[in-house]
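Okay, so here's the structure we're looking at.
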Amino acid sequence: MSDAAQPSAAEVRAAAEAVKAALDRHLDAVERRSGPEDPAVYAAFDEVAAAAEAYDELLYDAYDEVTPFEIPGNDALPAYAGPEEPSALSVLIRRDYTVAKPQRLLHQAQRIAALDPDAATDATGRAADAVAVVGSSVHAALGVLFGEYEPDEIASRHREFGLEEGDSTLWVAAVDEPAEPGEWLAAPFDHADPQRVVCRFDVSSVFDEELDDDDDDDEDDLLEPADRSR
């Protein structure tokens with residue numbers, strides 16, 4: 001703890017009062033919410049998080065103490081600012097994989113190419129030796145694999161293809177009107193607006209690790225702000 005910019009007791013007390021006031025506003029917003037996606041509730045949630053973080057920092061600087069709250073990180077979505085009744089949607093999906101077993105991937109791609117040489121030709125651009133190429137090139141093998149199977153099927157069979165699953169997320173975002181055919185294909189993710197996200201679904205091993213940590217603790221659960229990932 002440094003004495004250089006140590007906050008005063010009055011500053012810490014004021015920050016504590018700000019947390020109390022933010023909690024009151026949050027409860028009021030929850031009691032008055034118009035539905036499960038009420039932007040007023042999300043705004044009040046952000047106020048509680050900001051006030052609690054400020055108090056936690058001042059408390060630590062002044063007294064070398066911390067609170068039992070887990071402050072949400074900056075990766076939380078901002079408050080929803082889209083239409084209340086969306087008439088068009090855009091679904092954005094990201095799934096990360098590691099090529100854990102290249103030989104298995106190459107074998108599967110070669111098998112696909114042997115059954116359907118056109119799939120290999122489309123992936124490599126070379127007709128004569130397409131089957132041989134996908135059996136020796138991870139780049140070509142991935143082209144064959146993702147050209148043959150839907151992303152959901154690859155997700156459910158990733159180990160079969162030598163892939164290891166990483167984080168994934170799905171965003172359902174409101175848009176003003178459906179895009180014209182081909183309008184966004186050149187830059188499909190450039191216009192993703194977090195404030196237009198109606199709901200989101202995240203999958204990560206981080207969540208499993210957090211659950212494991214909770215199981216290892218032999219203490220009562222502490223109340224903490226809920227994850228606002230929607």
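Please treat every number below as a calculation from the coordinates, not as lab data. Computed from a predicted model, the values in this text were never measured in an experiment. Virtual Cβ from ideal backbone geometry, glycine too; neighbours counted across all protein chains shown.
Extension gain for residue 53-residue 169 works out to 39.1 nm (0.36 nm per residue, less the C-alpha to C-alpha distance). Just so you know, the Cα atoms of the stretch 11-112 work out to an Rg and Dmax of 22.2, 69 Å. For the Cα trace of the stretch 137-211, dividing Rg by the Kirkwood Rh returns an Rg/Rh value of 1.04.
I'd like the GluC sites (Glu not before Pro) in the stretch 1-71 restricted to DSSP loop residues with at most 11 other Cβ atoms within 10 Å, sorted by number. Sites meeting the loop and neighbour criteria: 65.
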